[in-house]
1. With label points built 7 Å along Cα→Cβ from the Cα atoms of Lys70 and Phe87, find their separation and express it in nm.
2. With n ≥ 4 as the cut-off for DSSP H runs, can you work out [θ] at 222 nm for the chain, using -39500 (n - 2.57) per run divided by the number of residues, rounded to the nearest 500?
3. Which whole-number percent of Cα pairs in the chain have a distance greater than 21 Å?
4. Select from Ala43, Val29, Phe76 the residue farthest towards the positive end of the dipole of the chain; place +1 on Cβ of Lys and Arg, -1 on Cβ of Asp and Glu, and compute about the Cα centre.
5. Starting from the Cα of Ser54, step 7 Å toward the Cβ, then list every residue of the stretch 64-87 with an amide N under 14 Å from that point.
6. Report, by chain and number, residues whose modeled amide H sits under 5 Å from the one on Leu66, excluding near sequence neighbours (fewer than 5 apart, same chain).
7. About its Cα centre, how strong a charge dipole does the stretch 17-74 have in debye, to the nearest 20, once Lys and Arg get +1 and Asp and Glu get -1 at the Cβ?
8. Can you pull the percent of the stretch 15-59's accessible area that's carbon plus sulfur, 1.4 Å probe, other chains left in place?
Amino acid sequence: MGKKSDEELYEIKASILQALAHPIRLKVVEYLSRDQKCVCDIAEAVGAERSNVSRHISILLKADLLTSSKKGLNIFYKLKMPCVLKFLSCAEEVI
């Protein structure tokens, strides 16, 4: 894959920000900063139904913020872009 144009980079950045633009997804990202987890653990930690969390995880996967790996019958999710936590921390400082 060749070098991306400026316009492509802006599109990718915008998709990442859109993927983060929901409280549950922000909770998921911060929760996964500690370790990889399955949907059942994530749902419990963020206080949402599994089906709802699965939809949010799908959005985060599509934006390339998470990775997944299957272990037995479970799928585990891991934060692929930990640098996004710096952005969230910066936003929290401003707030």
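The values are calculated or read from the model by the stated rules, or taken from the named source; none is laboratory data. Model, not experiment: these values are computed from the prediction. Every residue, glycine as well, gets a Cβ built from its backbone with ideal geometry; the counts of neighbours run over all protein chains shown. Just the protein is used for accessible areas: all its heavy atoms, side chains included, with ligands, DNA and RNA removed. Shrake-Rupley method; radii C 1.70, N 1.55, O 1.52, S 1.80 Å.
1. With each label placed 7 Å out from Cα toward Cβ, I get 3.0 nm.
2. On the way: 5 runs with 56 residues, N = 95.
So the helix-based figure for the chain works out to -18000 deg cm²/dmol.
3. On the way: 1494 of 4465 pairs.
Of all Cα-Cα pairs in the chain, 33 percent lie more than 21 Å apart.
4. Phe76
5. Flagged as within label range: 74-76.
6. For Leu66, the qualifying residues are Leu61, Lys80.
7. Working: 9 positive and 6 negative charges, 30 e Å.
The dipole magnitude comes to about 140 debye.
8. 47
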